[in-house]
Amino acid sequence: MGNLFCCVQVDQSTVAIKETFGKFEDVLEPGCHFLPWCLGSQVAGYLSLRLQQLDVRCETKTKDNVFVNVVASIQYRALANKANDAFYKLSNTKGQIQAYVFDVIRASVPKLLLDDVFEQKNEIAKAVEDELEKAMSAYGFEIVQTLIVDIEPDEHVKRAMNEINAAARMRLAANEKAEAEKILQIKRAEGEAEAKYLSGLGIARQRQAIVDGLRDSVLGFSVNVPGTTAKDVMDMVLVTQYFDTMKEIGASSKSSAVFIPHGPGAVRDVASQIRDGLLQGSFANESSS
């Protein structure tokens, strides 16, 4: 920009406000213009048509009484066809925009809960943009875009929100872990039940085979040895099994198993056997003497 020999240069994306004896006369477009200062013509000022941005930080309270700082980013520019309004009607453009942003945010956010503020920030930005568009268009400015770029609750509130979220996730993890353990226990119980069922079938078949074998043995022995009864055969089988068992116990060098009768009658039999043994020993000593 310059003013030399009554010529004025206006840069690109800028307009100049021309006055004659202090009265608005014209808006000078970018380029070189003849301005006879001697006839009272002068440049009152310059107005940028570039897109500008204003960040506004507004502290307000939500419906659940949480104080938050809402940061709004306002993108605006002056209109070339209303440059005289933009230049003369407002003395502090940024202050005017900031006042409207405060008014809309402090009227919208207190109606919402804290979680809803985060979810509906686009609606808040839209409300701010609509209000600014209506107000600033009368002053020769266009609102290009309004963004809610940040919502900052108090540090203690953020910490509490994180703790709530962590607790909820831990509770969900505990439920999932408990459900997994429940499934394992159910499967384990089903497996044990199936194993016991199969074991029962095996024992039943084993006993059935033993019974069948004993029956065949009794029948065969009765046929081959006339005059024997089934009880005689069973007694002989039991005696045979008893001696086989004793033989197996004696054959093992590390065996420590001892079979002792444990019923009341068995105790009496053991005592009688011991007494008879002692008496026989005494008679043998007397005979030898």
Check: What about THR62, is it more than 30 Å from ASP103 (Cβ to Cβ), within 60 Å of the chain's Cα centre (by Cα) and among the β-branched types (Val, Ile, Thr)?
Finding: no
Margin query: Give me the residue from the range 94-116 that is polar (S, T, N, Q) and within 16 Å of GLU142 (Cα to Cα) and, out of that set, farthest from the chain's Cα centre (by Cα).
Written below: GLN96
Checklist line | Residue list for the range 67-93, filter: more than 47 Å from the chain's Cα centre (by Cα), small (Gly, Ala, Ser) and farther than 16 Å from GLU29 by Cβ | finding: SER91
Next item on the list: Kindly list the number of the only condition in (1) in a strand (DSSP E or B); (2) touching a Leu at 6+ places or on another chain (Cβ under 9 Å); (3) open to solvent by less than 50 Å² (accessible area, probe 1.4 Å); (4) not hydroxyl-bearing (Ser, Thr, Tyr) that fails for LEU47.
Entry: (2)
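Run down GLU163, GLU142 and say which single residue is surrounded by fewer than 16 Cβ atoms within 10 Å (Cβ to Cβ) and either within 29 Å of the chain's Cα centre (by Cα) or under 30 Å from SER91 (Cβ atoms) (or both). Steps first, answer last, please.
Numbers: GLU142 fails: surrounded by fewer than 16 Cβ atoms within 10 Å (Cβ to Cβ).
Just one listed residue meets the conditions, GLU163.
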Check: Which pairs have Cβ atoms under 6 Å, sit 6 or more apart or on different chains, and link a residue in the range 58-84 that is open to solvent by 10 Å² or more (accessible area, probe 1.4 Å) to one that is in a strand (DSSP E or B) and among the basic types (Lys, Arg)?
Finding: PHE67/LYS61; ASN69/ARG57; VAL71/ARG57
Next item on the list: Go through the range 58-113 and give me each residue that's acidic (Asp, Glu) and under 13 Å from ILE124 (Cβ atoms).
Entry: ASP103
Margin query: Residues to consider are LYS126, LYS111, LYS182; find the one that is surrounded by fewer than 16 Cβ atoms within 10 Å (Cβ to Cβ), within 13 Å of ALA72 (Cβ to Cβ) and of a type outside the set (Ser, Thr, Tyr).
Written below: LYS126
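The values are calculated or read from the model by the stated rules, or taken from the named source; none is laboratory data. Note that the structure is a prediction, hence the values are computed from the model and not measured. Neighbour counts are summed over all protein chains in view; Cβ atoms, including those assigned to glycine, are modelled from backbone coordinates with ideal geometry. With ligands, DNA and RNA removed, areas are computed over all heavy atoms of the protein, side chains included. Shrake-Rupley method; radii C 1.70, N 1.55, O 1.52, S 1.80 Å.
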